[in-house]
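These notes concern the structure reproduced below.
The values are calculated or read from the model by the stated rules, or taken from the named source; none is laboratory data. Here the structure is a predicted model, which means the values were calculated and not measured. Cβ coordinates were reconstructed from backbone atoms using ideal geometry, including for glycine residues, and neighbour counts include every protein chain displayed. Surface areas here come from the heavy atoms of the whole protein model, side chains and all, with no ligands, DNA or RNA. Shrake-Rupley method; radii C 1.70, N 1.55, O 1.52, S 1.80 Å.
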Amino acid sequence: MTNTTQIGFSVTNGVVTDTPLNINSDDLTKHVAVFGASGSGKTGMILSLVEENILNGIPTILIDIKGDMSNIALQTDPELANKMYFRLLTPGSDHGEQVNIFAGLAKPDRLANSVSSLLKMIGEKVYDPIQSKMHAFLSKILQYMHKHNRGYALDDIIALVMEPPFATFGALDLDSAIPRRSRAALAAKLNTVFVAPSFQTWREGIALDVEDLLFADTGKTNVTVFSVSHLVDETERMFAVALLLDEVLSWMRSQQGYDGLRAQLFIDECVGIIPPYPANPPSKKPLMTLLKQARAFGLGIVIASQNTKDLDYKALGNCETWMIGKLSMKRDRDSILEGIMANTSLPKEIIEHRIAALGSRRFLIVRPKSVYEMYSCETSCDLVGPMTEWDMKKIKENVA
């Protein structure tokens, strides 16, 4: 496995050269932020980084918001195609591999995540499971079901929410801690979701196993696209993204420390996923934690957006490498300059001019103590744009 990643070709005095521009792969564990307007070449840049991972044996997960990331499966390079083991997960739909959000209920070590997912699905805010009374209550019911081999039928869960098999909750009697009215409200929410026809697709398919997605022994480099582009409802979309991020976070916490780049997580067009304060969607906390801690476990994260205003500044503060593409609007350039001036001694006017002069596939790379321009690599996969469900079904059939 090489310890360098080619990110493009150098640009000297405004002229693109044929000199490869490499970065130490281990530096990517300090995370990357990619910005660029539509047409800047941002998607191609991201997918070329994924192709480098395939060649270098770095397993990758891509969260696909718009449907562009699935293009990685359309490989025209036989070498890359032979080295990649591709999976397409489509939670809430069957045009890829379906994801069963309840698959973890039967596993005691996955119980906390499964309960969090269930509560988020019904609209309960679970920022911290330890401080959530409903999280503790539902967890206790599921622990009882596991201990007594009751299975995990959803109607049984609702029945036990209404009439729990225990009379106390901690040091308090049950009705004082969680009144019958609160239990009935929780049961009603669960029932409404469970009977919805659209919810049936969330109850079928594979369990999310991040260790398997990244390191299953396939003899190839594992690349998984987790696509939510088909989910029209924003609540479902954010729920699905949070579900995966929670699983990645749990996987990370089960690992020993790792010196170097072990795996990478990409999130394209992450508007709404880690927004500025006071917005706090369920995806924000796990992603913020990953950005703060993943480096120690060899997990690099790449977040991409069209504007820094879409992202919490604390998240950007954890990204050491910024890749800035063409930004047509001055206000967009101004928001970028706010974030990068601390990393360069060049005058603000020069940086702004260089960003304004960028063309398609040209990026300004800003790293600690260095600023340089590059031309992104051409991808080997076909860039057909956002994929439809029909397109993804064809990929599923070809993979199978």
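So is residue 41 in contact with a Pro (Cβ under 8 Å, 6 or more places away or on another chain), surrounded by 20 or more Cβ atoms within 10 Å (Cβ to Cβ) and closer than 16 Å to residue 385 by Cβ or not? Don't jump to the end; show me each part of the working.
Numbers: in contact with a Pro (Cβ under 8 Å, 6 or more places away or on another chain): no; surrounded by 20 or more Cβ atoms within 10 Å (Cβ to Cβ): yes; closer than 16 Å to residue 385 by Cβ: yes.
No, not satisfied.
If you go through region 176-197 and pick out every residue that is assigned to a helix (DSSP H, G or I) and either open to solvent by less than 70 Å² (accessible area, probe 1.4 Å) or in contact with a strand residue (DSSP E or B) (Cβ under 9 Å, 6 or more places away or on another chain) (or both), you end up with 12. Among residues of region 257-270 that are farther than 18 Å from residue 38 by Cβ, those with a Cβ under 7 angstrom from a residue that is charged (D, E, K, R), sequence gap 6+ or separate chain, pair up as 260/26; 261/26.
Is region 75-86 home to any residue that is under 17 Å from residue 387 (Cβ atoms), in contact with a helix residue (DSSP H, G or I) (Cβ under 6 Å, 6 or more places away or on another chain), in contact (Cβ under 8 Å) with a residue 40 or more places away in the chain and open to solvent by 30 Å² or more (accessible area, probe 1.4 Å)? The answer is yes, given that some residue of region 75-86 is under 17 Å from residue 387 (Cβ atoms), in contact with a helix residue (DSSP H, G or I) (Cβ under 6 Å, 6 or more places away or on another chain), in contact (Cβ under 8 Å) with a residue 40 or more places away in the chain and open to solvent by 30 Å² or more (accessible area, probe 1.4 Å).
Within region 205-214, the residues that satisfy the criterion of being surrounded by 13 or more Cβ atoms within 10 Å (Cβ to Cβ) and either without any contact (Cβ under 8 Å) to a residue 24 or more places away in the chain or of a type outside the set (A, V, I, L, M) (or both) are 205, 209, 212.
Could you list all residues from region 282-321 that are closer than 11 Å to residue 34 by Cβ and open to solvent by 30 Å² or more (accessible area, probe 1.4 Å)? Matches in region 282-321: 306 only.
Looking only at residues that are of a type in the set (S, T, N, Q) and open to solvent by less than 60 Å² (accessible area, probe 1.4 Å) in region 130-159, which one is nearest to residue 113 (Cα to Cα)? Residue satisfying both the conditions and the ranking: 139. Region 328-400 holds helices (runs of 4 or more DSSP H) entirely within its bounds, and those carrying 2 or more residues that are among the β-branched types (Val, Ile, Thr) and over 23 Å from residue 269 (Cβ atoms) map to 348-356.
Are any residues in region 369-385 in contact with a strand residue (DSSP E or B) (Cβ under 9 Å, 6 or more places away or on another chain) and either under 30 Å from residue 95 (Cβ atoms) or not hydrophobic (A, V, I, L, M, F, W, C) (or both), and if so, which ones? It would help to see each step written out before you state the result.
Restricting attention to region 369-385, the residues satisfying the condition of being in contact with a strand residue (DSSP E or B) (Cβ under 9 Å, 6 or more places away or on another chain) are 371-377, 380-382.
If the condition is that a residue be in contact with a strand residue (DSSP E or B) (Cβ under 9 Å, 6 or more places away or on another chain) and either under 30 Å from residue 95 (Cβ atoms) or not hydrophobic (A, V, I, L, M, F, W, C) (or both), then 372, 373, 375, 376, 377, 380, 381, 382 are the ones that fit.
The set of residues in region 216-241 that are surrounded by 13 or more Cβ atoms within 10 Å (Cβ to Cβ), part of a helix (DSSP H, G or I) and not basic (Lys, Arg) comprises 235, 236, 238, 239, 240, 241. Of all residue pairs spaced 6 or more apart or on separate chains, those with beta-carbon atoms under 6 Å, a first member in region 10-29 that is without any contact (Cβ under 8 Å) to a residue 24 or more places away in the chain and a second member that is open to solvent by less than 30 Å² (accessible area, probe 1.4 Å) and part of a strand (DSSP E or B) are 17/10; 19/10.
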